[in-house]
Amino acid sequence: MATILDSLRNAVTPDLLARTSSLLGETEGGISRALGAAFPAILGAMMNKSGDAGTMRQLMDLLGDRGVDASVARNPLSLLAGGGLAKSSTTDLGGRLLSTLFGSQISGVSNALADHAGIKSSSASTLLGLAAPLVMAVLSDRVRSGGLSASGLASLLASQRDSIVRSIPAVLGPLAGLGSIGAAGPVAADYASRQIQRPKAWIPMTIAALLALAALWSFSRSPTREQAATSEPARLAAAVAKQDATTFTRKLPNDFELKAPATGIERQIVVFIEDQNRQADSTAWFNFDRLLFETGSASLKPESKEQLQNVAEIMKAYPNVKARIGGYTDNVGDPDSNLKLSQARAQAVVDELVALGVSRDRLTAEGYGDQHPVADNSTEQGRQQNRRIAMRVTEK
């Protein structure tokens with residue numbers, strides 16, 4: 001039988017990606033990354049809660065609810081309506097599942113998911129709400145068909161623990177206890193016999209006293225306002241912290257020191273290449289975000305050089321990687337002219353990457369014209385999103 005994650009990944013069809021892309025104004029690649037991270041994050045949170053008998057009872061009640069429609073895993077488009085999620089008992093139960101698992105951390109999970117996938121937080125929240133009922137559908141089907149109890153569900157999750165944990169992005173790990181799965185996750189075999197021990201009464205009192213003393217000591221040693229204002233190390237530390245939140249840095253296998261915006265294509269490509277659980281497929285497109293062309297032309301502007309250099313170094317660092325460069329336009333003007341322009345621009349990017357040291361036999365160019373829009377062409381903002389160059393890893 002397929003693993004839980006495999007069943008969930010199979011539910012992410014090209015039609016689902018295209019529909020959510022149109023609804024949310026995000027790229028299909030971003031949506032694929034978000035769902036690919038949301039599924040193991042939800043399953044990981046369940047694993048982390050499997051030592052809590054009360055929470056497990058709540059989860060079993062949710063999975064056993066008649067409102068859970070197991071067929072949505074085969075027809076995930078039924079979860080969408082209008083501008084987002086459909087209002088149904090299945091999506092409502094998905095929301096309750098997220099509240100049970102993450103509590104007040106839901107917004108933090110959405111923000112981390114957005115950062116990982118390079119999408120808006122609002123889109124990440126919608127996709128998290130889409131992932132939850134799909135997880136419930138797959139698990140509910142297995143619970144019902146296998147007659148699983150709470151301990152049986154814990155055993156099922158534990159049997160697939162390695163693949164689940166490996167698939168959770170690092171940015172989501174610390175949230176809602178996910179970071180402790182590897183160290184403190186319960187052993188399913190003795191789940192039914194485990195008792196949640198009440199902490200000794202003196203422990204929290206002692207901790208509180210120590211914290212109070214630490215706070216008093218820290219206050220007594222705090223610099224004056226004038227000292228703090230003139231503290232160069234403090235300003236430097238704050239600047240570095242701010243930079244770390246917005247900058248992706250990585251020393252590549254070829255010793256190139258990669259530095260790029262945290263939401264840029266560079267990070268997305270490196271994460272995709274290094275993720276052994278993600279296979280090259282037709283859905284994982286990544287949009288260049290700092291390429292500029294002369295108007296109506298395939299001539300790259302000088303400002304494009306930095307990102308192209310970064311992408312070239314990534315490909316040189318991972319010599320097994322092959323890629324397709326896709327060119328897209330909006331729907332304004334003659335379709336044939338748009339198709340030719342998109343092909344010329346895609347080819348210009350390939351030529352530049354070759355000039356930067358990437359072997360030509362590792363790259364192909366394809367122009368799609370106004371096909372595959374990711375936003376509404378009736379608005380200027382939508383047309384701007386549709387005028388893009390994207391990259392798909394075809395081998396890695």
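Quick one: if you stick a label point 7 Å off each Cα along the C-beta vector at Asp361 and Leu77, how many nm between them?
A separation of 4.1 nm, rounded to one decimal place.
In terms of Cα to Cα distance under 27 Å, which lysines are near enough to Lys322, apart from those fewer than 8 places away along the same chain?
Counting by Cα, and skipping residues close in sequence, Lys322 has these lysines nearby: Lys251, Lys259, Lys301, Lys305, Lys340, Lys396.
Under the definition of Cα pairs under 8 Å and six or more residues apart, what whole-number percent is the relative contact order of region 4-193?
Reported relative contact order: 34 percent.
Residue by residue through region 129-139, what is 3J(HN,Hα) from phi via Karplus (6.51 cos²θ - 1.76 cosθ + 1.60, θ = phi - 60°)? Round to whole Hz and write x for glycine and proline.
Values per residue, Gly and Pro as x: x, 7, 5, 4, x, 5, 4, 5, 4, 5, 5 Hz.
Can you list the lysines whose alpha carbon sits under 29 Å from that of Lys87, skipping same-chain ones fewer than 8 residues off?
Filter leaves Lys49, Lys120.
How far is the Cα center of region 249-265 from the Cα center of region 48-62, in Å?
41 Å
Starting at the first residue of region 93-98, write each ³J(HN,Hα) from the Karplus equation 6.51 cos²θ - 1.76 cosθ + 1.60 with θ = phi - 60°, in whole Hz, x for Gly and Pro.
Running phi through 6.51 cos²θ - 1.76 cosθ + 1.60 with θ = phi - 60° gives 5, x, x, 5, 4, 4 Hz.
Could you line up Met315, Met136 from fewest to most neighbouring Cβ atoms inside 10 Å? Walk me through the numbers on the way to the answer.
Values: Met315 25, Met136 28.
Least crowded to most crowded, the residues run Met315, Met136.
Just want the ordering: Lys251, Lys305, Lys396, from fewest to most Cβ atoms lying within 10 Å of their own Cβ.
Details: Lys251 10, Lys305 14, Lys396 17.
Final ranking by Cβ density, sparse to dense: Lys251, Lys305, Lys396.
Can you sort Val68, Val171 by how many other beta carbons sit within 10 Å, fewest first?
Least to most surrounded, the residues fall as Val171, Val68.
Take Gln381 and Ser99, extend 7 Å from each Cα along the Cα→Cβ direction, and tell me the distance between the two endpoints in nm.
Spacing of the two 7 Å Cα→Cβ label points: 3.0 nm.
Throughout, read-outs are computed from the coordinates displayed, never taken from laboratory work. Everything numeric in this text was worked out from a predicted model, so none of it was measured. So basically every Cβ, Gly included, is an ideal-geometry build from the backbone, and we count neighbours across all protein chains shown.
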